[in-house]
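The values are calculated or read from the model by the stated rules, or taken from the named source; none is laboratory data. Just so you know, these numbers come straight off a predicted model, no measurement behind them. When we count neighbours, we look across all protein chains shown, and the Cβ atoms used for this are built from the backbone with ideal geometry, even at glycine. We work out accessible area using only protein heavy atoms, side chains counted, and drop any ligands, DNA or RNA first. Shrake-Rupley method; radii C 1.70, N 1.55, O 1.52, S 1.80 Å.
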Amino acid sequence: MNNSFEILEPQAVICQKPKSDNTSFYASTVKRVPFVAASLSVVMSMVSFDCYSLDDKYRPVFVGVEPAQDELIVALGDDYEAQSKMLRRLDVLKDSLGDNWNGEGDIPIEEKAYNNAKTAILATPGAMLKHWRLFPNPNGTLLLSPKNKSIAGISIGNEDFSYAALASDDKQISGKEPFSEQAFKSALNQIHRILGYV
Amino acid sequence: MAIKNPYPLEEHRTFKRTFLQQTEVTLRFTPVINDVDFRNRMLPYLKTVFNLDLTGKVDAEANHAEINSDNEQKKFVFDLNQAKFIIGPSSYNTFKETAIPMVGMLVRFIADVAEVEAIDELSVVKINIWPIKSEDAFSSFTNMIRYTFKESCVSDMLSYKFDDNPKPVRLSKTSDTTIAESVGLDAVLSAEVVSKEKVNLGLALNASARNIGINDILSDAITLNDIIYRGFIESVSENIIDFMSREKLS
């Protein structure tokens, strides 16, 4: 695989002008013949040069419409913001909580717990994170707690994470597992099903 | 040649919503058609395939034809050495349903106008754009890149830093992968600050194959689309896959 990385500072895309004098970018003898009955129109013209830069080549031609509907753009932005906000909150907790931060011998956020929580947040779609708030635990680990009145929690530590959710006698789950991205995602999916978030 | 797809055959996931902005299929061939043959052969071709009668209306020097639908986002372009079509987002359903019938119309051009038994290159291009809005696009820029693409694909882009007076910027990253003999997949991942509040993340995938017999064009186009699907899944983050797949938007 050949990779190249290019930074294009903002500037107008300038096509390389052909060296030959008898080339033209625009047709001088265009005939437009509309075919309304067939819902088609045809342009036959004289063109002898295709001007393509890499930018042009992969720019959509149907630019009359937004890349997606407004509803989609708003929802995608919300998804992104939910994840972004929780990551910012995690960083604030990590940076701001010192020794004894709650006056009861609490310890700052532990490095490994922080990294595990970051992995968990990055692996979780914003639509799921919207249901949760992030809190520090006095022992330097992190806690995800539902925003609504659901009974559930996920505690992310240095090596393990533990979780519990209770919706009714026959709809509950709890456990403690070594932390991994997959294990976290699996537990979170189960919790969301139990709490009726999906 | 008929392309052998080295990737395991898998059924394409059906997404609930898509950010596909453009689909393009191009057939390039030699020898180049001469101008006179092009004009003479295009007339019956357009009549047969598009039901368009241009008798007496063709420019005497025409060597290029574009056919645009008035009510759909579909466009055909015919030149002396290539034929292609472009489909916009509102007219695209699935590749087999929307694009393959149009590939068939290009194949007819190859047989009736180019009059060749094989083409030099067949390429399928799909362009996706994810527009993400945020209160401060500059400070969120790299997070948005990480949010949209698999981190392994964009780790170098994530090192980009704005200075104290940030200006709109466009980062792009290209990769070309040899899939099999005469078959390749080019990818362009891009991230562009469009305004203070908006970033466009883009992924253009171009799967192409060389030396294709006319009878293999349809099936090879489907295989190239399969290769693009695989490239898409390998480039885009789980966040985006989840967003496109889930039942409800919020």
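Keeping every protein chain present and rolling a 1.4 Å probe, give me the accessible area per residue for region B:20-245 in Å².
The answer is 38 Å² per residue.
³J(HN,Hα) across region B:37-49 via Karplus (A = 6.51, B = -1.76, C = 1.60, θ = phi - 60°), whole Hz, x for Gly/Pro?
4, 4, 5, 5, 7, 5, 4, x, 5, 5, 5, 6, 8
In peptide B:164-170, how many Cβ atoms from other protein chains are near each Cβ within 10 Å, on average?
2
For peptide B:42-50, what's the mean number of Cβ atoms from other chains within 10 Å of each residue's Cβ?
Counting other chains' Cβ atoms within 10 Å and averaging over B:42-50 gives 1.
Using a 10 Å cut-off around each Cβ of peptide B:187-198, what is the average number of partner chain Cβ atoms that fall inside?
Other-chain Cβ atoms within 10 Å of each residue's Cβ, averaged: 2.
Using only protein heavy atoms and a 1.4 Å probe, how much accessible area in total is buried between B and A, to the nearest 100 Å²?
Looking at B and A, the buried total is near 5800 Å².
Residues of region A:70-195: accessible area per residue at 1.4 Å, in Å²?
On a per-residue basis, region A:70-195 sits at 50 Å².
Which FRET efficiency, nearest 0.05, do A:THR119 and B:ASP53 yield, Cβ-Cβ r, R0 56 Å?
For R0 = 56 Å, the calculated efficiency reads 0.30.
What does the C-alpha gyration tensor say about the overall shape of region A:117-198? Classify as rounded when a/c is under 1.5, otherwise prolate if a/b is larger than b/c, or oblate.
rounded
When a/c reaches 1.5 or more, the comparison of a/b and b/c decides; with that in mind, is region B:20-245 rounded, prolate or oblate per its Cα gyration tensor?
Prolate.
Which percent of the accessible area of region A:70-195 is formed by carbon and sulfur heavy atoms (probe 1.4 angstrom)?
47 percent
Under a point spin-label approximation (7 Å from Cα along Cα-to-Cβ), what is the A:LYS112-B:LYS167 distance to one decimal in nm?
Rounded to a tenth, the inter-label distance reads 4.8 nm.
For region B:1-124, what number results from the quotient of the Cα radius of gyration and 2.2 N^0.38 Å?
1.18
Rounded to the nearest 500 deg cm²/dmol, what is the calculated helix-only ellipticity per residue at 222 nm for chain B, with -39500 (n - 2.57) per DSSP H run of length n ≥ 4?
Only helices count here, giving -8500 deg cm²/dmol.
Using the Karplus equation 6.51 cos²θ - 1.76 cosθ + 1.60 (θ = phi - 60°), what ³J(HN,Hα) coupling, rounded to whole Hz, does each residue of region B:79-90 give in order, writing x for Gly and Pro?
10, 6, 10, 7, 9, 8, 9, 10, 10, x, x, 6
How large a share of the accessible area of region B:20-245, in percent, is made up of carbon and sulfur atoms when the probe is 1.4 Å and the other protein chains stay in place?
45 percent
Going 7 Å from the Cα of B:SER152 toward and past its Cβ, which residues in region B:209-232 have a backbone nitrogen under 20 Å from where you end up?
B:227-232
May I ask you to find the residues of region A:121-166 that are shielded by at least 40 Å² of accessible area once the whole protein assembly is considered instead of their isolated chain (probe 1.4 Å)?
Output list: A:LEU122, A:PRO125.
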